[in-house]
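Below is one structure, written out as C-alpha cells, with a few remarks after it.
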Amino acid sequence: MSDVLRRILFILASVLCATACLPAAAGQITVFAAASLKEAIDEISADFTRATGVEVAASYAGSSALARQIEFGAPADVFLSASTEWMDHLEHNNRIEPTTRFDLVGNRLVLIGPAAQTAAFEISANTNLLHMLAGGRLAMALTDAVPAGIYGKTALQRLGLWEGVAPMVAQTDNVRAALSLVSLGAAPLGIVYATDAQADQNVSLRATFPPHTHPPIIYPVALVKGAKSPQAQAFLDYLTGDAADKVFADLGFLVGAE
C-alpha cells in the first residue's frame, strides 16, 4: 500500500471517527395547539428548550383546523386540542397514539366586553344580550366547528338566549380572533375562554357561564401517529410537571382537580 493511499485512508478514518463522536443534533418538536393555549405553550416551550436544548415549533389555530391538517398528513409531533371531540375524531381515524393521550387542563367560558366596561354580572335566562349589544355584534368562534364557538352556542341555547342573538353573531376562525374583535372595539361583546380574557388588557370579563350550561372544557393532548421527533414524548412528559402546572395555573387554566 502506498504512502499516499495510507494517508487518504487515515484521513477518511479520522473524519468518520470525528463524525461518529459528535453529539446527536438536538432536533425540533412540532406542536399543533389550540389558539387559546398560545401564551402557555410559548412559555412552557421556552422553558423546555432551556432545560433540554430541544427547540419547539408551535402552530396555533382552531382545534378543528389543526385536526383536519393532521388528518391529511401535516407533520405534527404533538396535538393539544381544546376539544375532546376533535381528539376523538383523530383517534377514530388512527391519527394519534391512543396510549399517549391524556387530559391536560381545563378552562371556563366567559362573556367579555371592552376594558372600560368593568361591571360584572351573573348571566341567566333573563339577561338581555340584545340590549347590551346595542346593534353591535357578538364575537364568537365558528359555532359549528371551533370548540369555543360550540361551547358558546350550547351555553346560549341552554339559557334560552341563542335564537335572539344568533342574527347578531360575528363568527371567526378561532377564539383569539373573536377576542381581537372585542379588544379592537369592533364588537361590544364576545364569548371566549377565561384565559383569553386574562391575556388581553383591552377587554374585561363581564360574566362567567355556569358550568351546567355547556360540556366541561377539557384540553386533551397526545402524540401524533408517526411522530418524527424522538423528543416528542419528553415534551409530553414535561407538560405534566410542576413547572408546566404553574404556568397553566398562573394563566388561569384549571389544573389537576380544580
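The values are calculated or read from the model by the stated rules, or taken from the named source; none is laboratory data. Keep in mind that this is a model prediction, so the values were computed, not measured. Using ideal geometry, Cβ is built from the backbone for each residue, glycine included, and neighbour counts are taken over all protein chains shown. Please note that ligands, DNA and RNA were not included when accessible areas were found on the heavy atoms of the full protein model with its side chains. Shrake-Rupley method; radii C 1.70, N 1.55, O 1.52, S 1.80 Å.
Here are the numbers for this structure:
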{"item": "Pair list, Cβ under 6 Å, 6 or more apart: the range 174-203 residue within 16 Å of Val146 (Cβ to Cβ), other residue among the aromatic types (Phe, Trp, Tyr) and not in a strand (DSSP E or B)", "result": "Thr195/Phe253"}
{"item": "Subset of the range 144-190 (residues that are over 13 Å from Val203 (Cα atoms), among the hydroxyl-bearing types (Ser, Thr, Tyr) and touching a strand residue (DSSP E or B) at 6+ places or on another chain (Cβ under 6 Å))", "result": "Tyr151, Thr172"}
{"item": "Inter-residue pairs, beta-carbon under 8 Å, first under 11 Å from Leu80 (Cβ atoms) and in the range 33-46, second open to solvent by less than 10 Å² (accessible area, probe 1.4 Å) and of a type in the set (Asp, Glu), 6+ apart", "result": "Ser36/Asp196"}
{"item": "Residue among Ala222, Ala170 that alone is surrounded by fewer than 21 Cβ atoms within 10 Å (Cβ to Cβ), hydrophobic (A, V, I, L, M, F, W, C) and assigned to a strand (DSSP E or B)", "result": "Ala170"}
{"item": "Where Arg50 falls short, out of the listed (1) touching a residue at least 60 places away in the same chain (Cβ under 8 Å); (2) more than 14 Å from the chain's Cα centre (by Cα); (3) part of a helix (DSSP H, G or I)", "result": "(1)"}
{"item": "Residue selected from the range 87-116 under the condition among the polar types (S, T, N, Q) and touching a helix residue (DSSP H, G or I) at 6+ places or on another chain (Cβ under 9 Å), by the criterion surrounded by the most Cβ atoms within 10 Å (Cβ to Cβ)", "result": "Asn107"}
{"item": "Within the range 63-72, considering residues that are open to solvent by less than 50 Å² (accessible area, probe 1.4 Å) and of a type outside the set (A, V, I, L, M), the one farthest from Ser36 (Cα to Cα)", "result": "Ser64"}
{"item": "Those residues of the range 173-184 which are part of a helix (DSSP H, G or I) and open to solvent by 30 Å² or more (accessible area, probe 1.4 Å), in sequence order", "result": "Arg176, Ala177, Ser180, Leu181"}
{"item": "Residue tally, condition open to solvent by 40 Å² or more (accessible area, probe 1.4 Å) and touching a residue at least 24 places away in the same chain (Cβ under 8 Å), over the range 133-158", "result": "5"}
{"item": "Test result for Thr84, crowded, with 17+ Cβ neighbours inside 10 Å, polar (S, T, N, Q) and either touching a strand residue (DSSP E or B) at 6+ places or on another chain (Cβ under 9 Å) or in contact (Cβ under 8 Å) with a residue 40 or more places away in the chain (or both)", "result": "yes"}
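Every residue, every condition in (1) within 22 Å of Thr84 (Cβ to Cβ); (2) modelled with pLDDT of 95 or more; (3) open to solvent by less than 30 Å² (accessible area, probe 1.4 Å); (4) not in a loop (DSSP other than H, G, I, E, B), yes or no:
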position	(1), (2), (3), (4)
Ile123	no, yes, yes, no
Thr127	no, yes, yes, no
Gly160	no, yes, no, no
Glu163	no, yes, no, yes
Gly190	no, yes, yes, yes
